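Worksheet: one structure, shown below.
The values are calculated or read from the model by the stated rules, or taken from the named source; none is laboratory data. Because the structure is a prediction, the values reported are computed rather than measured. So basically every Cβ, Gly included, is an ideal-geometry build from the backbone, and we count neighbours across all protein chains shown. Only protein heavy atoms, including side chains, enter the accessible area calculation; ligands, DNA and RNA are left aside. Shrake-Rupley method; radii C 1.70, N 1.55, O 1.52, S 1.80 Å.
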Number of protein chains: 2
Amino acid sequence: MKILIIGGHGTIGKKVVSRFRDTDEVVVAGRTKGDFLVDIANGSSIETLFQKSGAFDAIICIAGEAKWANFNELDEEDYYIGIRSKLMGQVNLVRIGQNYLNSLGSITLCTGVLADDPVIKTASAAMVNGGVHSFVQAVALEMENDIRINVVSSGMVADAYEKYKDYFPGHNPIPMEKVVNGYVRSVKGKGNGEVIRIYD
Amino acid sequence: MKILIIGGHGTIGKKVVSRFRDTDEVVVAGRTKGDFLVDIANGSSIETLFQKSGAFDAIICIAGEAKWANFNELDEEDYYIGIRSKLMGQVNLVRIGQNYLNSLGSITLCTGVLADDPVIKTASAAMVNGGVHSFVQAVALEMENDIRINVVSSGMVADAYEKYKDYFPGHNPIPMEKVVNGYVRSVKGKGNGEVIRIYD
């Protein structure tokens, strides 16, 4: 398979890239480095990426940001950081990327445990993750050309645990191999419209 | 209790208004009629509403829209109809309304079964409903002054069933009394951060 991994240099992304490189042809895209540059918060940047890259058998997105802050410190515009990036960035990736997927291809998006089990400071981050979960379930009913779509939602991953553990009291770090397996299951399995929850 | 019901003239809203009028002081707001006019998609309209109305013991929102269309007919801007109204309209209502709630007050938002069990044409509508579910769970962790927040998510309500049943094949109409009870449970109960699912 020819697989595009957006965010392939991130904490999770680099482990996913490493796994798929064992078995597949991997193309990496990122905001600042990679085989192609892309900012998913910008629809025309996504379009340009695919015009340059051509078609894939699978698209994986492990990118997108949202602002973390106390609820009373989040102003309206702060929410739109996550809306334009994590939420609509991934929606636009599906809208545009479906046209650059081979038949029987797949799209795999990325969220996190916040959608189901938030912590403080995540009113905005949880919101956009939850939006992606429902979007994936809805759009899976309408994908054409036998294209599947899923989303991997993992708990705090082991490789980021030291940095973020104070934000997630009592959460158990998720082994990177389990997180990576979520992406493998989405791409190589037959599931469609699934929220693949990797929680502990 | 003094209760503000936004969208109190809608299909669900008028039944909720009728129930609370038996026991409480109800103020109705709506986009085109009511004791006060408000467009929740407009933050300054929300602010103006509360400056005129003063404080409440409970705020109920049964308003907000999103565009329904086939996925391949939804352009990027179409998603922002729901983002500005159903999603950020309700977020802004919480941001602003919390300042006009008496201690021990509550906020009750409104979504629908699409968030969990979408049908075709709802890529945008499901998305914003799911975003509200996660937002409510997250923000409940940070509300001050003992203010609670919940969201009522109901299936296709009986009073709208004839109009919309073809969009919801096999869904069972939810008796209006059950839907209204969801709002009563949120306002008069002690639950916080709950997604009150009224499904069948």
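Listing for the model above:
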item	result
Cα centroid of segment A:53-79 to Cα centroid of segment A:1-31, whole Å	18 Å
Chain B, helix-only ellipticity at 222 nm - DSSP H runs n ≥ 4, -39,500 (n - 2.57), divided by all residues, nearest 500	-11000 deg cm²/dmol
Cβ-placed point charges (K, R +1; D, E -1), dipole of the protein assembly as shown about Cα centre in debye, nearest 20	340 debye
Computed P(r) (all Cα pairs; segment B:2-198; 5 Å bins; percent)	1, 8, 17, 21, 22, 17, 9, 4, 1, 0
On Cα atoms only, tilt of B:43-53 relative to the major axis of chain B in degrees	40 degrees
Dipole moment magnitude, nearest 20 debye, segment A:50-200 about Cα centre, only Lys, Arg, Asp, Glu C-beta charged	440 debye
Range of Cα positions in segment A:74-128 per principal axis (Å), largest first	42, 24, 8
Inter-label distance, nm, simple model (7 Å from Cα along the C-beta direction), A:Ala160/B:Ala55	4.0 nm
Within segment A:100-119: backbone nitrogen closer than 20 Å to the A:Thr11 label point (7 Å, Cα to C-beta)	A:109-119
By average C-beta atoms within 10 angstrom, highest first, the peptides A:94-104, A:142-152, A:113-123, B:22-32	A:113-123, A:142-152, A:94-104, B:22-32
Axis-proximal residue, chain A, for the rotation superposing A on B (Cβ, Å)	A:Gly131, 2
Tail fraction, Cα-Cα pairs, segment A:55-157, threshold 25 Å, whole percent	22 percent
For A:Gly193, inter-copy label distances in nm, listed shortest first [label point 7 Å out on the Cα-Cβ vector]	3.0
The protein assembly as shown - Debye-derived log10 I(q)/I(0), Cα point model, q = 0.07, 0.08, 0.11 Å⁻¹	-0.32, -0.42, -0.77
B/A buried area, accessible surface, summed, 1.4 Å probe, Å²	3100 Å²
Cα-projected label distance for A:Glu76 with B:Asp75, points at 7 Å along beta-carbon direction, nm	2.4 nm
Inter-label distance, nm, simple model (7 Å from Cα along the C-beta direction), B:Asp146/A:Glu177	5.1 nm
Relative contact order of chain B, pairs being alpha-carbon contacts under 8 Å that are 6 or more residues apart, as %	20 percent
